[in-house]
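Following: one structure in structure tokens, then a few remarks.
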Amino acid sequence: AFHFVLGAATFEQLWFVQERGFDRTNIAELTGWLAFFGGIAGNLFGGIGGDMFLRKTGLGRPMFLFWTMLVLTPINLIYRWVEPTSMLFILGIFVGYFQLGCFYGPTFSTVQELVPPQIRGTVVAFYILSLNFVGLGIGVTGGGIVIDMMISAGIAEPYTMTLLAFTGLSLIAIPLFYLAGRRFEQDKASLYAALESQARTT
């Protein structure tokens with residue numbers, strides 16, 4: 001669900017140029033630098049912050065992502081509407097890449113912690129497939145279809161409306177992260193109990 005908007009973000013460069021008035025080369029260079037620094041900062045914050053959150057609260061790392069998304073999502077929504085010359089617009093781009101960077105460490109760690117070691121590689125592979133095929137696939141394909149439909153209908157700012165819609169769709173991840181964080185200890189205990197039972201029988 002989190003990746004729905006990432007798929008739709010394929011159209012962001014067109015949005016910057018056609019609906020926000022940027023020069024194609026300049027905005028590509030600017031977003032490249034913001035992606036570089038925002039992504040690295042997000043990776044570090046997600047990994048370190050997720051581990052610290054787990055140690056201090058005992059709640060799963062998905063709960064850390066729940067709070068991260070809850071705090072950062074308003075910026076991701078507001079910056080679609082503000083003037084492109086404002087600092088909030090630049091901050092919005094940075095926050096988008098930062099939030100994406102935060103995602104990977106906690107989720108990969110959680111997946112690996114909650115599956116038996118003998119199938120860990122398979123489950124991680126399935127997880128990556130799900131992110132790309134389901135999350136990105138729906139975002140890219142759905143985003144393109146919606147934009148074409150809006151252009152055909154003569155709707156103003158079809159890229160803005162589509163990116164906002166898919167940002168909203170990605171908000172499904174917030175309650176799901178919350179529920180996953182609440183279940184983390186229960187699921188982990190179930191895994192350890194199953195492994196202990198299996199060890200006794202072999």
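The values are calculated or read from the model by the stated rules, or taken from the named source; none is laboratory data. Here the structure is a predicted model, which means the values were calculated and not measured. Using ideal geometry, Cβ is built from the backbone for each residue, glycine included, and neighbour counts are taken over all protein chains shown. Heads up: the accessible areas ignore ligands, DNA and RNA and are worked out on the full protein's heavy atoms, side chains in. Shrake-Rupley method; radii C 1.70, N 1.55, O 1.52, S 1.80 Å.
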Considering each of 69, 87 in turn, give the residue that is in contact with a helix residue (DSSP H, G or I) (Cβ under 8 Å, 6 or more places away or on another chain) and of a type outside the set (Gly, Ala, Ser).
69
Going through 32, 46, 105 one at a time, which residue ends up being small (Gly, Ala, Ser), more than 30 Å from residue 198 (Cβ to Cβ) and either crowded, with 18+ Cβ neighbours inside 10 Å or in contact with a Cys (Cβ under 7 Å, 6 or more places away or on another chain) (or both)?
46
Between 17, 111, which is within 30 Å of residue 183 (Cα to Cα) and of a type outside the set (S, T, N, Q)?
111
Tell me yes or no: at least one residue of the range 54-63 is more than 26 Å from residue 175 (Cβ to Cβ), open to solvent by less than 50 Å² (accessible area, probe 1.4 Å) and not hydrophobic (A, V, I, L, M, F, W, C).
no
Checked against (1) over 16 Å from residue 181 (Cα atoms); (2) open to solvent by 40 Å² or more (accessible area, probe 1.4 Å); (3) under 17 Å from the mean Cα position of the chain (by Cα); (4) free of Cβ contacts under 8 Å to residues at least 40 places away in the same chain, residue 92 satisfies every condition except (2)
Any residue in the range 112-140 that's within 20 Å of residue 3 (Cβ to Cβ): show its pairings with residues that are open to solvent by less than 80 Å² (accessible area, probe 1.4 Å) and among the acidic types (Asp, Glu) at Cβ separation under 7 Å, as long as the two are six or more apart or on different chains.
114/187
Search the range 167-202 for residues being within 19 Å of residue 131 (Cα to Cα) and not in a helix (DSSP H, G or I), and hand back the single one that is least open to solvent (accessible area, probe 1.4 Å).
171
Taking residue 52 as the residue in question, decide whether it is out of contact with any helix residue (DSSP H, G or I) (no Cβ under 8 Å at 6 or more places or on another chain) and assigned to a helix (DSSP H, G or I).
yes
Mind checking whether some residue in the range 61-73 is at pLDDT below 90 and farther than 23 Å from residue 166 by Cβ?
no
Restricting attention to the range 111-164, report how many residues are open to solvent by 50 Å² or more (accessible area, probe 1.4 Å) and of a type in the set (Gly, Ala, Ser).
6
Exactly one condition in (1) surrounded by 19 or more Cβ atoms within 10 Å (Cβ to Cβ); (2) within 21 Å of residue 105 (Cβ to Cβ); (3) of a type in the set (A, V, I, L, M, F, W, C) is not met by residue 71; state its number.
(1)
